[in-house]
1. Give me log10 I(q)/I(0) at q = 0.10, 0.22 Å⁻¹ for segment 101-232, Debye formula, one equal scatterer per alpha-carbon, no solvent.
2. Restricting the count to DSSP beta bridges whose residues both fall in the chain, what percent are antiparallel, rounded to a multiple of 5?
3. So if I average 1/r over every pair of distinct C-alpha atoms in the chain and take the inverse, what Kirkwood radius in Å does that give?
4. Could you pull out the longest piece of the chain with no exposed loop GluC sites (Glu not before Pro) in it, calling a site exposed if DSSP puts it outside H, G, I, E, B and it has at most 10 other Cβ atoms within 10 Å?
5. Give the residue list of trypsin sites (Lys or Arg not before Pro) in segment 99-176 that are DSSP loop and have at most 16 other beta-carbon atoms within 10 angstrom.
Amino acid sequence: MLPPGYPRIQLVNSFDELLTTPFAAGVNALCWPRQLPGDFAEVVGKLAAGEGITPLDEALLNGLPLSAAGKLAVAVMLEDLRLLREQGRLPELNCIRTYPRDEEPGVVATDVYSFHADSAPVEADTWLCTYHGAPSEGLRQEEARRRIDQPEIRAALLEEFGGEDSEEFREYLRDCCYDLHYAPLPEARPFSFGTGYLWRIAVDWPGSLVPPCIHRAPENLPGEAARLLLIS
């Protein structure tokens, strides 16, 4: 269930509505809540164990020895892929046990476990659905602050840069994607993207009428179930 009082989220009732509803009036996240049929846990259980991210395609999924419920779960995921591909998108379906971490964590973490916004040089959006495992988390702008706007963080980044707070420094922040990462305020209430819900979220691009949707990947602790994630 989505928490009350989140005016930046708008619920829709179909894929077509998710596709055609514009981001406007501050709304930067569209959600199609779904209760999906099928046994997604069985699909995860049949995949080869390992660390990191395993890309999944139709041939691999259809080759798994699954029950009727497992095959139904595969059919649901493949249908979502088909719908997005018909719109000219390039969706990916992955089994995720861990994401890469920053090899040398600096002043600002830039991996997907940090609250961040996606960005693009042209008009774009991001689609997400977690079929199994811990879902993504979101954070509305009113409850977040860019890390580069925190005085102690900005001072440390200036020292790392080795110069003054100039346009060159701000370009450095953009080049390193530091400007896309956020810290939750003390009163923040992150919200869950839910399991089975299909989301379309706003991206930071020149000319966007709404702020980007801040989100992050969940921490996948040892022993927790792997995620089945669609992203486009």
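None of the figures in this text is laboratory data; all of them are computed from the coordinates on show. If you're wondering where the values come from, they're calculated on a predicted model, not measured in any experiment. Don't worry about glycine lacking a Cβ; one is built from the backbone with ideal geometry, like all the others, and counts go over all protein chains shown.
1. -0.36, -1.41
2. Antiparallel bridges: around 90 percent, rounded to the nearest 5.
3. 19.1
4. 1-50
5. Counting only loop positions with at most 16 other Cβ atoms within 10 Å, the trypsin sites (Lys or Arg not before Pro) in segment 99-176 are Arg101.
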